[in-house]
Amino acid sequence: MIELFLYANQIATYTSLSSSGNGNGVRVSLTGVQALGGADEVIRVVVRQVNPGQSAFQNGQFVDIYLWPSNTPVAQNLNPQHDQFQGRASSGEHQIFTNQRFVINLDGFSGDSIQFGPGSTPPRNESLTFAALMEDPPPPPCLVAGTPILTPDGWRNVHDLQVGDLVETLDHGAQPILWRQHRTVSGRGPFAPVRLRAGLAGNRADLLLSPQHRVLLSHPRAEMMFSGPDVLIQSQHLLAVPEVSREKADEVTYVHLLFARHEILCADGAAVESLHLGPYTVNRLLGPQREEVQALISADHGDEAIWHQTARRCLKAYEARAFLGSQSETTWPGFRQLAADRQPALQTTPAF
């Protein structure tokens, strides 16, 4: 048995399938496509009857689908017939399951239909490998190693920060790091970081964030739409902005910084969130990390309810689309501009 994970927007049901053509002219069209959820929800995939040496989805295996972390069953005994439709049923990015009308597509789904082929790319003899999915649950939102973080002593590499070090925050001044961990994962597929081009949100240079890491954006429309001057938006929900893109890499190291409450930090000029300890986030930590964090929550580090509060309103995907679609500009104030009226001393912090 092999256990894998993917995001709920990477697997969908469909209502009908049609195919036509021969050889590289084969095309397979699916309609009535509906993803199982959004990019912030996780699916557990269990592959059974895997023979020694097999490293990809193929005939003879059985695949079970569960919501995670509840482990609520969604479907069982899916049959990955990788060579169906002259090999068009699978590729390095997708796998169609015709026996129960499910489809995996690592690039996600943008509408209610999807077509595979025609053409020679990807090759029809290519299969979806187990390595293309996640071996562990995805990490919580986090910063990429190498990111400069503003501290009372100036800029410091996030990877060098340790428990007890002080970090400047937008709302509460310098705050000590309560817990810090890092994790190195594949930088491809759902783990690929998101790149924000220099100047987009006050960042001095291009900024890399995990896909679910939230950025603080301030705009008059936020007050009109969400009753507050600024909102937190996941970096992956900014991909509709031309200055935002995915940055694939062989591997990437993500760093988690936890404080006594959810804080807004300065990441190379941009205002971004610290680790937020909602119940869903805690469940996404690996076993030993989860135990450490749960021990901190139980210890006397403040009101437990504070751990679950967010520093600002966190927009859902559809809210982010509406907010971004209401604006003509694609740049937002950075940390220093937002802090100008609240903590003027931050304006004189030495350069990195």
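The values are calculated or read from the model by the stated rules, or taken from the named source; none is laboratory data. Keep in mind the model is a prediction, meaning the values are calculated, not measured. Using ideal geometry, Cβ is built from the backbone for each residue, glycine included, and neighbour counts are taken over all protein chains shown. Protein only, heavy atoms only, side chains kept; ligands, DNA and RNA dropped before computing areas. Shrake-Rupley method; radii C 1.70, N 1.55, O 1.52, S 1.80 Å.
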Quiz item: Only one of (1) more than 19 Å from the chain's Cα centre (by Cα); (2) crowded, with 23+ Cβ neighbours inside 10 Å; (3) among the hydrophobic types (A, V, I, L, M, F, W, C) fails for residue 225. Which number is that?
Solution: (2)
Quiz item: If only one of 185, 167 is under 30 Å from residue 4 (Cα atoms), of a type in the set (A, V, I, L, M) and buried (at least 17 other Cβ atoms within 10 Å of the Cβ), which one is it?
Solution: 185
Quiz item: Which of the residues belonging to segment 20-69 are without any contact (Cβ under 8 Å) to a residue 12 or more places away in the chain and either open to solvent by 50 Å² or more (accessible area, probe 1.4 Å) or among the basic types (Lys, Arg) (or both)?
Solution: 20, 51, 52, 53
Quiz item: Only one of 168, 223 is out of contact with any Phe, Trp or Tyr (no Cβ under 6 Å at 6 or more places or on another chain), at pLDDT below 90 and more than 27 Å from residue 41 (Cβ to Cβ); which?
Solution: 223
Exercise. Would you point out the residue of segment 70-108, among those that are closer than 14 Å to residue 36 by Cβ and among the aromatic types (Phe, Trp, Tyr), that is surrounded by the fewest Cβ atoms within 10 Å (Cβ to Cβ)?
Key: 102
Self-check item: The one condition in (1) over 18 Å from residue 320 (Cβ atoms); (2) at pLDDT 95 or above that residue 215 fails to fulfil
Solution: (1)
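Determine, yes or no, whether residue 65 is β-branched (Val, Ile, Thr), more than 23 Å from residue 1 (Cβ to Cβ) and modelled with pLDDT of 95 or more.
Values: β-branched (Val, Ile, Thr): yes; more than 23 Å from residue 1 (Cβ to Cβ): no; modelled with pLDDT of 95 or more: yes.
No; evaluated as a whole, the condition is false for this residue.
Identify, please: which residue in segment 318-352 is in a loop (DSSP other than H, G, I, E, B) and among the aromatic types (Phe, Trp, Tyr) and is, among those, modelled with the highest pLDDT? Let's see the steps before the verdict.
So the first thing to find is which residues in segment 318-352 are in a loop (DSSP other than H, G, I, E, B), and the list is 326-334, 340-343, 349-352.
After this cut, where a residue has to be among the aromatic types (Phe, Trp, Tyr) as well, the list is 332, 352.
Values: 332: 92, 352: 43.
Per the stated criteria, the residue is 332.
Looking only at segment 194-222, filter to residues that are in a strand (DSSP E or B) and open to solvent by less than 10 Å² (accessible area, probe 1.4 Å); which one of those is farthest from residue 265 (Cα to Cα)?
Of the residues in segment 194-222, the ones in a strand (DSSP E or B) are 194-196, 207-209, 214-218.
Subset that is open to solvent by less than 10 Å² (accessible area, probe 1.4 Å): 194, 196, 207, 209, 215-217.
On the way: 194: 18, 196: 16, 207: 14, 209: 13, 215: 10, 216: 9, 217: 13 Å.
Checking each candidate, the answer is 194.
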Exercise. Report, ordered by the first and then the second residue, all pairs with beta carbons closer than 8 Å, sequence separation of six or more or different chains, a first member in segment 214-242 that is within 26 Å of residue 193 (Cβ to Cβ), and a second member that is in a helix (DSSP H, G or I) and among the basic types (Lys, Arg).
Key: 237/321; 240/321
Self-check item: Residues within segment 317-329 that are more than 15 Å from residue 221 (Cβ to Cβ) and without any contact (Cβ under 8 Å) to a residue 24 or more places away in the chain, tallied
Solution: 1
